[in-house]
Every structure is written in C-alpha cells, then in structure tokens.
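Peer 1: Attaching a single structure in structure tokens format; questions to follow.
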Amino acid sequence: MVTISPETAYTIASFLFVFICLAAWKIFKKFTAKRDTILIVGLPESGKTQLFSRLVRKDNGIESYGSIKENIFSGIALNQSQESKIVDYPGALRLRTRLFDTWLTTERSSLKGICLVVDALTYQKKARDIAEIVYDIIVYSKKSVPIFIACNEQNDKGICKSAEVIFNGIQNDLGLINKSRQASLETTDGEDKVDLLSENGESFKWADLGGLFVSFGKFEIGETLNLTEVTDWMSVL
C-alpha cells in the first residue's frame, strides 16, 4: 500500500485546484468573449482595402496593394454605445485556409459581423469564385455571424451589376455548389453533412439558412463617396 505524506497530498490538491480553475476560466472566456470585431473579406481587388481605409480614415484613402497579412484598426466608433475593431483580411486564395482556421474558427466568438465585398463591375466573370467564398464563410462561421454582402459599384452604375442581381446570382450559384457537395457526400459515409448549407441541393434559397442574417447593399468610392449602407449595417450590430 502506497502512503502519501500530507505535504505531497497538499501539493497534488493545489495543482489540481489550479488546473481546474484555469480550465474553468478558459471555458468562461470562450463563452463570454466580447463580440467587437467586424471582418472584411472578399476576392483580391474587390475593394476591401479601399473600404477599410475609408472607414478608418474618412479624409482620404490609402493605396491598395496585395498583402499577406491583415490590416487591423481598433477603436472605431460605429455607434454611441461601443467601439469596434475592423479587420481587412487579404483576398489571396493561398491564405484562405488561415482565414477559416483563425478568424472563422479560433476567433469566431469575437466576430460581431462579416462584410464580404463584391466588385459589382467584374461580378459576372467571378461569380462562381464569389459564391464559393460565401458558401465556405457561412459553413465555417457555423451560421452564427451576421453577414453583409457589400457590392462595390465604383461609380459605374451603368455597367455594374445591381445588388439585386448579385443577390439572386449568388443564391443560384450556392444551390449549384450545394448540389455538387451533396453529390460528393453520397460517395462517402455521409458523416460530413455539416459542410452543406442545406439539404435542398440545387433548390437552395437564402431562407434555408434559418436564423442567419444575410443582407445585401452597395457602396461607392471614387468621385462620389457613399458608405451609408455599410455603416448603417455596422452600427446596428
């Protein structure tokens, strides 16, 4: 029979107490994390960094270059009750995994909203790529973060696709992606249904997302500066 001295027992008990407290604190922080971050995402050259710079520096914009790291600004006052942090995430495809693993998984509890920027001028030729990133963002965010799809009109309203056209176009493409992924699951054991937006395949509709709030709007940066629909959405988060 092994005998443990009082000193050893006290040491073990103290260690266990500290371990349990740290574990409880970690769990508490996870479930009470402050949602104070707005994440701006999109394809390269969609206007993400232009939007970011105008939001944080209203007097003038900054030049946009391809980047491999986030632009982050803390302390922007979007309403009278609180300040927020805005993160402009690079659009490069090679950085997409880090976006999913970090901001949409590890840091998901800090997100109060996701603004996905779409270049309305080039939407038609990039429609499928845009739908793919929308699909994956919804899946990785567990349908738990409000999403605003911001159409960058670039002062070319005559040739840009309208927000309504983009709204319907993305919905149709999400249905095609949904059908494709659903078909691929039929060749497996079917345990990865979490990767589907819905069970409706090609017939997917925005309403299938249930309580997830997805909204559409537009903004202009150029001779005319109009960010009203973006800032209105941000202010009510």
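The values are calculated or read from the model by the stated rules, or taken from the named source; none is laboratory data. Note that the structure is a prediction, hence the values are computed from the model and not measured. No Cβ is skipped: glycine too gets one built from the backbone with ideal geometry, and neighbour counts run over all protein chains shown.
Peer 1: Applying the selection to the range 90-146, what residues are among the hydroxyl-bearing types (Ser, Thr, Tyr) and closer than 20 Å to LEU51 by Cα?
Peer 2: THR122, TYR123 - these are the residues of the range 90-146 that are among the hydroxyl-bearing types (Ser, Thr, Tyr) and closer than 20 Å to LEU51 by Cα.
Peer 1: Would you confirm, using the coordinates I've provided, whether ILE147 is closer than 19 Å to GLN182 by Cα and of a type in the set (Val, Ile, Thr)?
Peer 2: Answer is no for this residue.
Peer 1: Give, as residue ranges, the strands (runs of 3 or more DSSP E) completely inside the range 26-132 that count at least 2 residues that are at pLDDT 85 or above, under 30 Å from ASN172 (Cβ atoms) and in the same structural domain as PHE219 (by TED's automatic domain parsing).
Peer 2: Per the criteria, 37-42, 83-88, 111-119.
Peer 1: State the number of residues belonging to the range 197-226 that are closer than 15 Å to VAL118 by Cβ and assigned to a loop (DSSP other than H, G, I, E, B).
Peer 2: Number of matching residues: 1.
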